[in-house]
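Quick notes on the structure that follows.
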Amino acid sequence: METVTTVPITEKPRTHTRVQTIDVLRGLIMVVMALDHVREYFGPTPFRAEDASQTTVALFATRWVTHICAPLFLLLSGVSAYLYCSKHGRRRTSAFLASRGVWLIVLELVVFSFVLQWGYTLVLLSIMWAIGWSMLFLAAALWLPRWLLATIAVGIIAGHNLLPNFAPAYPVPALLHNSPFLLMLGKQPVLVAYTIFPWAAVMMLGFAIGPLLKAHSTGNRWLKAGGLLILAFVALRAINLYGDPAPWSTQPRGALYTALSFMNVTKYPPSLLFLMVTLGVGAVLWYVLSRYNNRFTAFLSVYGRVPFFYFLLHFCLISASAYVWSRVAFGQAMNLSFTDPTQWPAAYHFSLWRVYGVWIAVVLIAYYPCKWFGKYKQTHQQWWLSYL
């Protein structure tokens with residue numbers, strides 16, 4: 001008789017084919033992003049850090065380097081949505097993006113507003129709100145032909161600076177386009193920090209270029225693309241006629257501060273010039289990071305594989321430590337980020353050393369929880385894990 005050999009079936013951990021550079025670059029974004037959030041709690045200033053007439057070079061650089069984070073995160077989210085779609089199809093991807101978008105909006109309103117403010121004084125519509133709505137827009141837009149999706153995305157990015165701000169009496173267009181504004185819902189103030197359309201366009205652009213990044217994840221084409229975007233930024237910014245609502249100007253403090261004024265582009269909402277330079281830098285970073293696989297890239301990928309988990313964890317660490325620090329330093333807990341500078345304690349003094357020290361501590365403390373959770377996600381398949 002023929003002998004039939006049976007092979008035992010063993011459960012294997014969940015695996016995915018990943019574009020490693022996405023994890024590494026997203027990890028870099030997560031680490032750099034924390035610097036700006038720490039600065040807001042441990043080193044606020046009564047003037048804008050980008051204001052060339054008052055800032056220092058070190059403070060300007062500390063703020064400016066974090067500009068890359070939001071646009072690159074939105075772009076990579078669009079790329080990741082394309083990769084998901086290439087495996088699971090448009091219907092499943094659209095449903096996932098819609099449900100995840102609603103989830104992020106609810107978390108912004110319920111969790112992050114409290115964590116950021118230590119209460120609910122304001123309804124705060126910030127980055128999670130913008131990402132959530134961007135996912136909802138992409139859930140609908142991904143059914144379009146890719147060329148049309150790319151055209152719409154580029155059209156919004158290039159042309160939205162032609163539109164004026166809308167009066168808060170017209171909340172829908174204001175929420176889609178305006179610079180930050182305060183909206184009253186009855187007696188409840190709502191601070192709209194991130195409006196939607198330009199950010200949604202960046203995510204749609206990421207989805208549209210997804211096939212290119214998938215097929216050409218390495219190669220000097222990304223260096224060339226980044227270089228061209230940066231050169232185009234310099235040329236358009238030098239003309240000083242279009243691309244940003246804040247023209248640069250010659251500074252009485254000297255040529256160095258004039259250069260800072262030149263680089264001071266508008267993030268809220270992201271202007272054409274803001275997106276040109278940050279996405280250009282992002283393309284160069286993609287080229288550089290795609291060429292290496294070492295301890296540093298492995299370190300960054302730990303954060304990049306669990307971006308939302310890290311986002312929630314690092315904000316809780318920053319907010320809680322700021323509460324303790326202010327209580328010890330000033331005798332009372334004070335959220336400097338949400339307190340008028342005229343009300344700051346006399347004992348408060350700005351220190352970039354404090355900002356960088358807390359930033360390094362937060363990033364390192366978050367490392368092992370992120371590493372653990374990343375391994376947990378790889379070996380478990382619960383449905384809720386895809387929302388963290």
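The values are calculated or read from the model by the stated rules, or taken from the named source; none is laboratory data. On a predicted model such as this, the values are computed, not experimentally measured, just so you know. We place every Cβ from the backbone using ideal geometry, glycine too, and count neighbours over all the protein chains shown. Please note that ligands, DNA and RNA were not included when accessible areas were found on the heavy atoms of the full protein model with its side chains. Shrake-Rupley method; radii C 1.70, N 1.55, O 1.52, S 1.80 Å.
List of remarks:
- Nearest-0.05 FRET efficiency for Val115 and His380, computed from C-beta distance (R0 25 Å): 0.45
- Leading residue at positive end of dipole, the chain (Cβ point charges), from Ser271, Leu142, Ala255: Leu142
- Dipole size of the chain about its Cα centre, with +1 on Lys/Arg Cβ and -1 on Asp/Glu Cβ: approximately 880 debye, rounded to the nearest 20.
- Looking at the range 274-345, the chymotrypsin sites (Phe, Trp or Tyr not before Pro) that sit in a DSSP loop and have at most 15 other Cβ atoms within 10 Å of their own Cβ are Tyr292.
- Taking the alpha carbon gyration tensor of the range 21-125, multiplying each eigenvalue by 5 and rooting it gives semi-axes of 32, 20, 10 Å, largest first.
- Diffusion constant of the chain at 4 °C, which comes from Stokes-Einstein with the Kirkwood Cα-pair radius and 1.567 mPa s, µm²/s: 58
- DSSP bridge pairs, the chain: antiparallel proportion in percent, nearest 5: 60
- Potential lengthening of the chain between Ala346 and Gln20 amounts to 112.6 nm, from the contour at 0.36 nm per residue minus the alpha-carbon distance.
- Entry comment: accessible area of the chain is 49 Å² per residue, from protein heavy atoms only and a probe of 1.4 Å.
- At 1.002 mPa s and 20 °C, Stokes D of the range 228-296 from Kirkwood alpha-carbon radius, µm² per second: 161
- For Lys375, a cut-off of 26 angstrom between C-alpha atoms picks up these lysines, skipping any fewer than 8 places away in its own chain: Lys12, Lys87, Lys214.
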